[in-house]
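Beneath this line is the structure, given in structure tokens, with notes to follow.
The values are calculated or read from the model by the stated rules, or taken from the named source; none is laboratory data. Everything quoted here is computed from the prediction, not taken from an experiment. All Cβ positions, even for glycine, are placed from backbone atoms using ideal geometry, and neighbour counts span all protein chains on display. Keep in mind that these areas ignore ligands, DNA and RNA; they rest on the heavy atoms of the full protein, side chains included. Shrake-Rupley method; radii C 1.70, N 1.55, O 1.52, S 1.80 Å.
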Amino acid sequence: APTSSLQGGLCCCAATGLVAYGEQSGDDGGASACKDGDACSGGRAGFCAKELENGAGGNASGAPTPMWTLASRGFCQKACPCCVEFPPAGGHEAPHVVVPEAPADGRRLAAVGGAARRGPPEAPLRRVSSGVSCDTVDRSQCPVCKCCPVPIAVPDGSPAVPQPSPAEALPGAPADDGSLLGEGLLAALGHRAEQVAPNMTAKHIILMLNASAKLGWMPQPSLLAALRKRAEVVVPQMTAQNIASILTAYARIGKDPGDHLLHALMSRAEHLASRMSPEQVANSLHALAVMGQDPGGPLMMALGDRVLAVAPSLTSVDVANVLDAFANMRTLPSDKVRSAVSERAEVLASEMNPHNVSSVVHAFAIFGRLGLGSPKESLLGALMTRAQAVAKGLDARDIARLLEGYTILWMQLEHDAVDAVHGKHDMQADHGANVLVGYNTMWKLTQMKRLGTSLLEAIAERAESLAPNMDPAGVAVILNAYAKVGSTLPPSLVKQLTVRMKQVASDMPAWAVGMTMDTYPDLRSDPALVKALETRAVAVVQAMSGTDVARMLQAYSKSHLHPDEHLLSMLGARALQVAPHLSAMEAAAILDACATVWLQANGPLVDSLEKRIEEVASDMNAHDVARVYTAFAKLRGRIQTPLLMALTDQALQVVPSMTAADVAAVLSAHASLRALPGQSLLAALAQRANEAAPTMTAKDN
């Protein structure tokens, strides 16, 4: 017969396999099904929050009181499927369920346990039903943990998404509040943990580190030292899971475990690599990358071999963690590993969440920069399609990584297309094989444009809702991405980003100031924004790279704005400092600014740029060559013979990729210099002018 007493037995929620104390249906032939369907709902309207019967009196009015408000600190904190690790089928029995005694006034409590079984609460429980475990239950949705007046810090063996280092973390992201337990209690617990640290197992150490990460509480240095010392002792007994978990834990709290412990952990990881599960090897790689470690050598080889062995079993999270790890280490995976993980990424693309897909796209973009080339077209298409599908779930960091990756891939494909059609690839070689290379490259670029249009629209819509809380880096990356691929930002998004930039300008890193100045759609339309960016530029100019200086100066040149004299002087001084290390693009951009921004030529800077351009002329693209010709014609009316020869040689190489404006600029510069370009260059320019004639403007003519 059904009963309403605490000791009446257990009822089982069939949907979850969890157990509740409460009324049984009584009409199922003795089975322990719950009479009240709300008991399985998992919300505070049911289950542990099941209300008392009317009149039982949880308050002065006698109104029903939710059970969770009556719970003690010990309630629901043991034998909880969300909070402890239950044994697998056939393993040892789970811990006892701890249930608070019924209050003296006879009020009935609800509670939970581990698996459906009749009997008194003190009896050991059977294992949790299959499919319900620490790894498969979301604590935020777990009815058990919602009973607890104090949320439990749950160790998580695998990050759901690749985690940024503390320096990369974006503001606005929700964080667990360590103050929830009170600083006094945390300090007392930390002190006690330090006392018992010499007796801790590897799992205890991992739980401590994970708990601090979850609570947003940084342990005292003395406690960290005690945990580190104990970890060094127990490393030889650590399992593969222990190694992956402790590396992940240190990555999450943003602390270096120290050279001695790190070396011991990596040695143990190398020894156990062949036994690691897909999740463990992915998490180990990812944690090392987040901590800024590039283990190289035998360990990377062992982990890479294990990734290859388990590739068919990798989840979308594992794929993202593996690729993100290699990308963060700026290390190319072996051809076999790359191929296997790429194939798995394509299979799982449709399952990837926003964090996973942004990490994977970004990783392939980094690989492209390292010389690997763009991913194959089917994988590229699958990733772009998935990114669009999950755009509404992207956070600010996802958007930044996705747009940065998309931009890099786009520019790489454009570069490859130019090489394949005009320059570095001999289209007649290898029995015409390079014709196929050129065709595939153009097809990928066409696909990027087709998929990119709708993707960029979806990202813009999402970015607009996130703009009020974006950090400076996120704003700069969005502006840069849309400018690089030639896509116009919606006016409503520009408005939101502008408001946000004024708020965060004082916190912008040097690179973000230059990028924002260079890619903002219309600087002249907002003097207040320009002033805020200039003020920040003065503060960070000494941290600017050659690219940053070039972008700042390009912004003034394009917008026809004149910079503050003090800032211009500082930019010139910084450009002179970095001149010996400038790339071809940077040198050309700064020289162009010397001709357009400075009212009087900066002689020492121009001399340094002339020397550097002669050294890097062979790396210049068509537009850079045209800009250098034009700048020297305007600045000095002459070009020294060694530099002129270097420019002529490079111009011959890049003429096929010149635009009509570039051809016009080179010819006009030679006319101003009163110097013939030479028969070979003149013929090549004439041919290219004939090809580009349909696109020429009146000015080009």
Note: GLN503 to GLU343 extended length (0.36 nm per residue) minus current alpha-carbon separation gives 53.2 nm
For region 470-598, what is the accessible area per residue in Å² when the probe is 1.4 Å? 38 Å²
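Measure off, as a whole percent, the carbon and sulfur share of the 1.4 Å-probe accessible area of region 196-292, all protein chains present. Numbers along the way, then the final one.
Numbers: 2130 of 3890 Å².
That fraction is 55 percent.
How much length is gained on full extension from ASN469 to ASP256, taking 0.36 nm per residue of separation minus their Cα-Cα distance?
Values: separation 213, 0.36 × 213 = 76.68 nm, distance 2.98 nm.
Net length gain for the segment: 73.7 nm.
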Too-long pairs where the Cα-Cα distance tops 18 Å, listed order kept, from LYS531/LYS634; LYS484/LYS558; LYS214/LYS255: LYS531/LYS634
LYS336 versus ALA683: modelled label distance in nm, points set 7 Å from Cα along the beta carbon direction: 5.2 nm
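Set the Förster distance to 41 Å, then compute FRET efficiency between VAL538 and SER350 from the Cβ-Cβ distance, nearest 0.05.
Values: r = 49 Å, r/R0 = 1.19.
After rounding, the FRET efficiency stands at 0.25.
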Residue separation between ARG638 and ALA573 times 0.36 nm, minus their alpha-carbon distance, gives in nm 21.0 nm
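Please work out whether region 630-673 counts as rounded, prolate or oblate from its C-alpha gyration tensor, where a ≥ b ≥ c are the square roots of the eigenvalues and a/c under 1.5 means rounded, while otherwise a/b larger than b/c means prolate and anything else oblate? Could the numbers behind the result be given before it?
Values: a/c = 2.78, a/b = 1.27, b/c = 2.18.
Oblate is the answer for region 630-673, as a/c is 1.5 or above yet b/c matches or exceeds a/b.
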Inter-probe distance in nm under a simple model that places probes 7 Å from Cα toward Cβ, at ALA675 and ALA309: 6.4 nm
Volume per residue (Å³) of the convex hull spanned by the alpha carbons of region 321-377 is 73 Å³
Just to verify a number: what accessible area does HIS355 come out at with the full protein assembly present, 1.4 Å probe, Å² rounded to tens? 50 Å²
The simple spin-label model distance between ASP649 and ASP522, using points 7 Å out along Cα→Cβ, in nm, is 4.6 nm
Between HIS560 and GLU232, what FRET efficiency comes out of the Förster formula 1/(1 + (r/R0)^6) with R0 = 60 Å and r the beta carbon distance, rounded to 0.05? 0.45
